[in-house]
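First the structure, in the form of C-alpha cells, and then the observations on it.
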4 protein chains.
Amino acid sequence: MKITKGIIPPLLTPLHVDRSIDFGSLEKLVDKLITAGVDGIFALGSSGEVAFLSDEDRGAVLRAVVKQVDGRVPVYAGVIDMQVNRVLQHVRQAEQAGVDAVVATAPFYAISGPMEVEAHFRAIAQATSLPVLAYDIPVCVHTKLIPEMLVQLGREGVLAGVKDSSGDDVSFRRLVALNRAAGSPLVLLTGHEAVVDGAFLAGADGCVPGLGNVDPDGYVRMWKAAQESQWDTVRREQDRLAALFEIVFQPIAKVGPAAGVGSFKTALELMGVFESNLMSVPLAPIDDAPSREAIASILKAADLL
Amino acid sequence: MKITKGIIPPLLTPLHVDRSIDFGSLEKLVDKLITAGVDGIFALGSSGEVAFLSDEDRGAVLRAVVKQVDGRVPVYAGVIDMQVNRVLQHVRQAEQAGVDAVVATAPFYAISGPMEVEAHFRAIAQATSLPVLAYDIPVCVHTKLIPEMLVQLGREGVLAGVKDSSGDDVSFRRLVALNRAAGSPLVLLTGHEAVVDGAFLAGADGCVPGLGNVDPDGYVRMWKAAQESQWDTVRREQDRLAALFEIVFQPIAKVGPAAGVGSFKTALELMGVFESNLMSVPLAPIDDAPSREAIASILKAADLL
Amino acid sequence: MKITKGIIPPLLTPLHVDRSIDFGSLEKLVDKLITAGVDGIFALGSSGEVAFLSDEDRGAVLRAVVKQVDGRVPVYAGVIDMQVNRVLQHVRQAEQAGVDAVVATAPFYAISGPMEVEAHFRAIAQATSLPVLAYDIPVCVHTKLIPEMLVQLGREGVLAGVKDSSGDDVSFRRLVALNRAAGSPLVLLTGHEAVVDGAFLAGADGCVPGLGNVDPDGYVRMWKAAQESQWDTVRREQDRLAALFEIVFQPIAKVGPAAGVGSFKTALELMGVFESNLMSVPLAPIDDAPSREAIASILKAADLL
Amino acid sequence: MKITKGIIPPLLTPLHVDRSIDFGSLEKLVDKLITAGVDGIFALGSSGEVAFLSDEDRGAVLRAVVKQVDGRVPVYAGVIDMQVNRVLQHVRQAEQAGVDAVVATAPFYAISGPMEVEAHFRAIAQATSLPVLAYDIPVCVHTKLIPEMLVQLGREGVLAGVKDSSGDDVSFRRLVALNRAAGSPLVLLTGHEAVVDGAFLAGADGCVPGLGNVDPDGYVRMWKAAQESQWDTVRREQDRLAALFEIVFQPIAKVGPAAGVGSFKTALELMGVFESNLMSVPLAPIDDAPSREAIASILKAADLL
C-alpha cells in the first residue's frame, strides 16, 4: 500500500496492570482510529513507548497492528534505535510483519556529524524496499535534520517522507518550500499537536499527532477543512484541540513521556478504551486524584467524556 | 499614542563608511516604511544592532526616529541591557526622546531563575508610565519567557504586550490561548519573518519582521489579508516573503547578525536606500561578490530590484 | 572477582576490512593491556562502539574477552541501551558470558526526570547479582547524574561504582567528598584521558581512559605514582599522555567517535596491533594521508612508533 | 604594576540596606584580602555583580578599590559588556581609575562566530595600553573561547592572560600545554573554587576564586604549597575549601548569583565584614533562617565563625 497524506496518529501501546502489552485494548484503539477516518497508523513511535520495548514486544505489536488494520490504511513502523545495525534488525522485523513503510531517526548516543547522518539514512534505505521516512526529533536524538539534506535524499529516492517533530517551524517551512521546488518528492508530516493549522496552511501533507489517539475525529475534521481551504474552520478545530492538549500540562511533577504519553493513556482509560494508564518501567503512572480530575475535566469540556 | 496591532518592523540602523550612524538613510528608511503602511516602528531591537551601540548613539537614534516619524505611527524603543539598573537608564532616555512604548528582554549575563525574571519586569514597569512589552528572545538571552507568567503580568497591567522571537510556536499558541481566556490584556506580536501566516491564523496581533525593512509592502498586504480572513492570500504573500527571506542564507561562512542583519543591509544598499551595508565592529560586512549576487538575484525574483 | 581500583581501559572493538569483528586483534589488544599491568578491562563502552553493535556481536565480544582475560583481571561489561527493558537483556547476556560487573548509563531517547533515572538504576540492580556501575556520560545521554543520588544509591548497595565521563570536574569533586563522607561505598573512576592527574589528586579511585588502549603503560605508571603520592611524577606522566591525546584532534572534518575512536584505532593499526582502523557503518575511517601522518608523528614523539 | 600570578579574588560589591554601594565594607574587604596575602584584586567581575551596576557605580567602585589598594597589589578591572563599543567605554573608565589590567569576555547577546570573537579582542587591545585578559565564561556569554585562538592572541601580544571559568578542564589543560609550547605568553588563571588543586598541578598560574572573599587565607596557603610542590598539602587545603564551598548549595530554591554571590555575602555578613547580605535588584537576599543557619554551620566547621 502506498504511503498516504493526512492524519496518521502515532499509536499508543496499552499495557495490562502487570505491564505486559494489552493487545485487546490495542485492537480497540486501532478500530477507533480507523472508524474516525484516519489516513494511516504509525506504530512504535515515541508515543508508542518504542524505547522501552524489547525486540520481541516490538515485533508482537507490529504483527497485531497489521492484522487488526487489515489493509484498511497503511501501517508505518518506527524502527528507532541508536545506529544502523540495530535499525536494520528492526527493519527486518517490520518487513516480516507486513508494514507499509518504516520511520527512522538520526543516529543517536554516539555523536554524529552531518556526513554520518546522511550515510545512516542511505544505509537504511539501501537495505529495504519499503519506503523510508526520516523522523526529525532533536529533543530525543539531539541532532536536527537539515532541510537541504532531506530534500536531496528525497530527490534521489532514498527518503519518501519526513515526520517533523523538531519544534522548528521556520526550518519546516523551508523544508516545504525546498521540497515543492524539487517537485515534491517527500511527503511532509508535522508531528505537533497544537500548531497543525499553521503547518497545513504552510503546505504540510499531514500530521502525526499523539493527541490523535484521544480525539482522532477532531484531527480528521481539521484535515478535511484544510483540504477545502476552509481556514477559519481549520483554526477553530485547532483551537479546540489545543485546549484539549492542555491535558499534558496537568500531571504534577512529571516531564517527558511520563506527562505526555501518561496523560494520553489516562484519557483513554477514563474514556473506557484502555484498561489501565500504566506505562513501561521506570515511568510512574498518573495516579494522583488532582491530576486525574484535571484531565477528566478537560475531556468533559471537549465532549469526550 | 496607543500601542498598535499589525506590522511593526524592527528598524535597521544604517551606518556611514566610517561606521558612524547614517541619519539620512535612517530617515529615508522610516519614510519608506510609513509610506508602505506599517502600523508602528520598533527602534533599537536586535536588528537595529542595539547591542553594539553606545548610550549616546542609542539616544540619538531614538530622537531621530521620533522626529522623523512625527506622530504618524507609534514608536517602540528597545531598552535592552543586562539587568534592571541599566535597562532603566535606557528607559529614561527613551522617555526623553518621546517614544510610545518600551520593549525589554529577560535579564541576561547573570543566570536568573523565574522569580528574578518576573521581578525584573515588575521593576521596569514600576519605574515608567510607558507601556512595557516583553521581548522573548532566548537565542540572545538564554531564558524562555513562560506564557503563564506573561499573561499574569498582563492581567496586572505590568506588561502591555509581547514580542515573541522564541522560535517556539507551541508555546506561542499557548500564550495566545491563555491571553484570550484572560480577556486579551496583551498585544501579541511574532518576531519571525517566515512563519507569520500560521501565527496570524493562530491569533497573533501583529508581527515585527526584520525582513519588513526590505519589503514592508509585502507584510502590510499579508496583515490586511489576515484581517479579512483571506487565508489563501495570506499564505501566498508569506510564501513570497519566505522566498525573499532566503537572502539571509546566502552569505558565506557567516552566522547571527553578520548573516541576518548583514543581508538586510546589503539588500537596502542594493535597492539604493542605504549608502553602505556596513555593520558595527566587529561584524564583517558582506563584501564578496558571490554573496552579493545571490542576494541581488533573490531581490530581482521578488521584483524589488 | 571483585571490582578493582586503578586503570581499566575501555576496550576498542577492532574490525576486519569487511567490518566484521576481528577477534584475533581483540585478543592481542587484551593481552597487550594486561601485560602492561592494567587493573581491569571494560568491554562494550562508548569506545568499544557499543551503540553500533548487534546483540549477537555484543555477546560474542563479551565471550571472547572473558575467555582471553581468563581471570587475570576483572571484566566490566557495558550494558548500554535506551531503557530498562533492553538494558536487562544485555545484563542477561553479560551474566552468561561471565563478566564481573556491568556498567549502565542513565536512560536516554525518551526524556527522563530525576525520579525515572533513580528508578532505572534500581530496576537494573534488582535484576542482577553482579555489581552495577553508573556511567555518567551526558554528552551521549543528555542527562547528568547527580552526586547526591549516586552516593545514596551507593549507601543502599544499589550501585557499586561510577564511571564519570561528565566533563564536570566540580561535580566529580563533590561526588568524591560525598562518597568519602558516606564511608566510600562507591568506586569512583574518571573517564577522561587528559585530566587524570587532577582527578587522582582529588581522590579518584582509578580511570577508564580510551587512550589507555594506545598507551596502557603510561596510565599504569601514572596510577602507581599516584598511589605513592609522587605528584610531580603523576603530572609528568599526564603531560606526556596529554600530548599523545592530541591524536584525536588531527582527523580533518571529523567529530565524535569518528575522530576519537578513529584516531585510537588508527594508532593501533600503525603500531601493528590492529589489521585495520575501520569503524562501524556509518563512521568513515581516517584514510587521508595528512591525518594519518599527523597521528604517526605524535606516536613517534611519544616513543610508541 | 605588572600583572601577577597567584590568588586574585574577584571582589564582591557590598551594599547598604538601601542597596547603594557600601564603600566602608568594600574597603574592609580589600584590606582583609591584602592582609591575607592575595596577589591581586579583581574588581567588577561576575561575583562583583558587574552586570547589575550602572556606569557611575562601576566607576565609583574602581576608584574606591584603586585608592584602598594603594599600589600594594595590582588591580584588575572587569570591563564586561555586550559588544566592543560599550566595552571600550568601560576600558576608558578603568584607565582613568588607574587600574593595572582589564578583563573582557567574548561578545554576547548577539550571536557571534569565531571571527567576530577574535576581532572583538583585537579591537579592545588596540584601544588601550593596559594588559587585556580574556574571561572565558560560557555559562554567562554562551561562547567558549578556543585554546588555539587564545594562544595565538597571546603570541601576538593582544592578550596578556586568561581567566578560565569555563568548567571545561580538558580544554584548560590544552590551553596550558599550548601556552607552554608557545613560550608562555599568557598568564593562565582558573576561575573555579573547588578544583584548583588539579589546575595548579596541571600548570595554572593562579586562581580567581569567588570563595576567596570568604577565606583568602586558605587560598593563599594552597598557592604557597603549590609553589613548593607540596601536593598533599595542596589537596588538603583544597578539600577544606571544597567543604566550605558547600555554602553555595544551601540557599533554598535559588540559582545563579542569588545562590553563589548570595551565600558569599551572607558569610561575610555573618563574619562581621559586611553590614548586609543584600544583592542588586532583582536578586532576592538569603533571608530564611534554615539557609542562614546552614551557612553559619559550615563557616563554624571551617573555623571562620
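The numbers here are math on the coordinates, done by the rules we state, and not lab data. Values in this document were obtained by computation on a predicted structure and should not be read as measured data. When we count neighbours, we look across all protein chains shown, and the Cβ atoms used for this are built from the backbone with ideal geometry, even at glycine.
Ignore the peptide's own chain and count Cβ atoms of other chains within 10 Å of each Cβ in D:82-91; give me the average, rounded. Could the numbers behind the result be given before it?
Numbers: counts 10, 10, 5, 11, 7, 0, 2, 3, 0, 0.
Counting other chains' Cβ atoms within 10 Å and averaging over D:82-91 gives 5.
Based on the inverse mean of 1/r over its pairs of different Cα atoms, what is the Kirkwood hydrodynamic radius of region A:157-228, in Å? Write out the running numbers ahead of the final one.
Values: mean 1/r = 0.0801 Å⁻¹.
The Cα-based Kirkwood calculation yields 12.5 Å.
For region D:183-195, 3J(HN,Hα) computed residue by residue from phi via the Karplus equation (6.51, -1.76, 1.60; θ = phi - 60°) reads x, 6, x, 9, 8, 10, 10, 8, x, 9, 8, 10, 10 Hz, glycine and proline entered as x.
Annotation: aspartates and glutamates with alpha-carbon distance below 18 angstrom to C:LYS300 (same-chain offsets under eight excluded): C:ASP215, C:ASP217, C:GLU237, C:ASP239, C:GLU246, C:GLU269. Spin-label model, A:LYS2/D:LYS67: points 7 Å from Cα along the beta carbon direction are separated by 8.4 nm.
Sorting B:VAL50, B:VAL91 on the 10 Å Cβ count, fewest up front, what's the list? Kindly include the intermediate steps, with their values, before the conclusion.
On the way: B:VAL50 27, B:VAL91 23.
Ordered from fewest to most neighbouring Cβ atoms within 10 Å, B:VAL50, B:VAL91 come out as B:VAL91, B:VAL50.
The amide H of B:ILE21, built 1.01 Å from its N in the peptide plane, has B:HIS16 as neighbours under 5 Å, considering only residues 5 or more places off or on other chains.
Cα centroid separation, region C:175-216 to region C:1-34: 21 Å.
Search the structure for amide H atoms under 5 Å from the amide H of B:GLY78, placed 1.01 Å from N in the peptide plane, and list their residues when 5 or more places away or on another chain. Close amide H contacts, sequence-distant or interchain: B:ALA43, B:LEU44, B:GLY45, B:VAL103. Annotation: Cα Rg of region D:149-305 relative to the compact-globule expectation 2.2 N^0.38 Å equals 1.16.
Just the C-alpha atoms of the protein assembly as shown: what Rg/Rh do they give, with Rh taken as the Kirkwood radius? Intermediate results must be reported in sequence, preceding the final value.
Working: Rg = 30.7 Å, Rh = 32.1 Å.
Result: Rg/Rh = 0.96.
Inter-chain neighbour count for A:241-249: the average number of beta-carbon atoms from partner chains within 10 Å of each residue's beta-carbon is 2.
The phi-based Karplus calculation (6.51 cos²θ - 1.76 cosθ + 1.60; θ = phi - 60°) puts the 3J(HN,Hα) values of region D:7-24 at 9, 10, x, x, 5, 5, 10, x, 10, 6, 5, 8, 6, 7, 5, 9, 5, x Hz, whole numbers, x for Gly and Pro. Among C:SER20, D:SER291, the ranking by other beta carbons within 10 Å of each residue's beta carbon, starting with the fewest, stands as C:SER20, D:SER291. Partner shielding of B:103-115 amounts to 6, given as the average count of beta-carbon atoms from other chains within 10 Å of each residue beta-carbon.
I'd like the antiparallel share, as a percent to the nearest 5, of DSSP beta bridges with both residues in the protein assembly as shown.
Working: 4 of 96 bridges.
If we restrict to bridges inside the protein assembly as shown, about 5 percent are antiparallel.
Proximity of backbone amide H atoms, modeled 1.01 Å from N, is registered between B:VAL187 and B:GLY161, B:VAL162 at under 5 Å, excluding neighbours fewer than 5 places apart on the same chain. Cα-based values for region B:1-133, radius of gyration first and Dmax second, are 14.6, 44 Å.
Take the Cα pairs of region C:83-166, get the Kirkwood Rh, then feed it into Stokes-Einstein at 4 °C and 1.567 mPa s and tell me D in µm²/s. Could you put the intermediate results ahead of the total?
Details: Rh = 12.8 Å.
Translational diffusion coefficient: 101 µm²/s.
For region D:53-107, what does the convex hull of the Cα positions come to per residue, in cubic angstrom?
Numbers: hull volume 3.5 nm³, N = 55.
Dividing the Cα hull volume of region D:53-107 by its residues yields 64 Å³.
Coupling constants for region A:63-68 follow from the phi torsions by the Karplus curve (6.51 cos²θ - 1.76 cosθ + 1.60, θ = phi - 60°), and in residue order they are 4, 5, 5, 4, 5, 6 Hz; glycine and proline get x. Ranked from shortest, the separations from the 7 Å Cα-to-Cβ label point of D:GLU275 to its equivalents in the other copies are 5.2, 7.2, 7.9 nm. Helical runs assigned H by DSSP (4 residues or longer) give the protein assembly as shown a calculated mean residue ellipticity at 222 nm of -14500 deg cm²/dmol, each run adding -39500 (n - 2.57) before division by the residue total. Charged neighbours of D:ILE124, selected by a Cβ distance under 14 Å, balance to -2 (K, R count +1; D, E count -1). Label-point spacing for B:SER297 across the identical copies (point 7 Å from Cα in the Cβ direction), in nm and ascending order: 4.0, 5.9, 7.0.
From the alpha carbon centroid of region C:225-255 to that of region A:245-305 is 52 Å.
The ranking of D:GLU148, C:GLU49 by Cβ neighbour count inside 10 Å, starting from the fewest, reads D:GLU148, C:GLU49. Could you give log10 I(q)/I(0) at q = 0.11, 0.16 Å⁻¹ for region B:6-236, computed by the Debye formula over C-alpha point scatterers of equal weight, without solvent? Rounded to two decimals, the profile gives -0.51, -1.12. Beta bridges assigned by DSSP with both partners in chain A are antiparallel in approximately 5 percent of cases. Of the peptides D:221-228, C:80-87, the order by per-residue mean of other Cβ atoms within 10 Å, starting with the highest, comes out as C:80-87, D:221-228.
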